[in-house]
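The values are calculated or read from the model by the stated rules, or taken from the named source; none is laboratory data. All values reported here derive from a predicted model rather than from experimental measurement. Ideal geometry is used to build each Cβ from the backbone, glycine not excepted, and the neighbour counts take in all protein chains shown.
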Amino acid sequence: MTNEKNYADVKTNKGKDWFYTDIVKEHFFNPKNLFKTKEEADNYDADGMGMVGSPACGDMMKLWIKVDSKTEQIKECKWQTFGCASAIASTSMLSVMVTENGGMKVDDAMSIKPQDIVKRLHDLPPRKFHCSVLGDKALREAINNFFEKSGQKDRVIRQGAKVIDKILNITDKDIEEAVLEGATNFESLQKKTKIGVQDKSCIPEAEQLLRFYREKYFGAD
Ligand code: FES
């Protein structure tokens, strides 16, 4: 019965969950701009470096950029990860996107969204969506690091977490992570985070954020 239920859950998730597109496979088997050795990474003279970990799976991502100081275009984007096939393919694609056609300007690269990467990959299984967030978060960290290193601290953009459930100290970032891990409605969000179990006054705001992040990452419900 449990297996049947699990199978049904997977089946209802658009039916494409088990398959990677050809372009995902191409970037996984032949990743672009990946550092293959520790020496390469250690000896790289980067203008900015970002490192993030995924709370969803514990995987790490490190990303380095070189930026043309006059045009602010990203000339090189290198990376390493302990992440899975989806993380490798997503970050490989991201590194191509920010360096193609002479390089993307840092301000434009700052606003790349996971959906932009997923679109270029011709889709990712929904349950692997959080893997594509690793690369784009690391890129934003690397750009912030570039701003800091080049004396432009006023341009650093950091997203702070806002506490939504004041009793259990659950933030908007926790809601975002829960959505990336598959929370689709308030019940599943509450199951993952315990939000609103004690502090019922936060439920309307939590529901609003749930809709916001669902829309942001998966389009309209
Ligand atoms: S990066 Fe951890 S599951 Fe994909």
Take Gly151 and tell me if it is assigned by TED's automatic domain parsing to the domain that holds Val106 and on the phi > 0 side of the Ramachandran plot. yes
Within the stretch 60-87, tally of residues that are more than 23 Å from Glu39 (Cβ to Cβ) and within 16 Å of the ligand (Cβ to nearest atom): 3
Could you check, for the stretch 112-125, whether at least one of its residues is within 10 Å of the chain's Cα centre (by Cα), within 13 Å of the ligand (Cβ to nearest atom) and among the polar types (S, T, N, Q)? no
Among helices (runs of 4 or more DSSP H) lying entirely in the stretch 172-221, which contain 3 or more residues that are at negative phi and polar (S, T, N, Q)? 186-193
Checking the condition over 20 Å from the mean Cα position of the chain (by Cα), among the basic types (Lys, Arg) and more than 16 Å from Leu121 (Cα to Cα), which residue from Lys78, Lys62, Lys66 passes? Lys66
For Val98, all conditions in the list (1) away from the ligand (no atom under 13 Å from the Cβ); (2) of a type in the set (A, V, I, L, M, F, W, C); (3) touching a Lys or Arg at 6+ places or on another chain (Cβ under 6 Å) hold save one; what is the number of the exception? (3)
Count of the stretch 24-38 residues which are in a loop (DSSP other than H, G, I, E, B), of a type outside the set (D, E, K, R) and touching a Ser or Thr at 6+ places or on another chain (Cβ under 9 Å): 3
Filtering the stretch 29-59 down to residues that are within 11 Å of the ligand (Cβ to nearest atom) and under 16 Å from Ala89 (Cβ atoms), which residue is nearest to the chain's Cα centre (by Cα)? Ser54
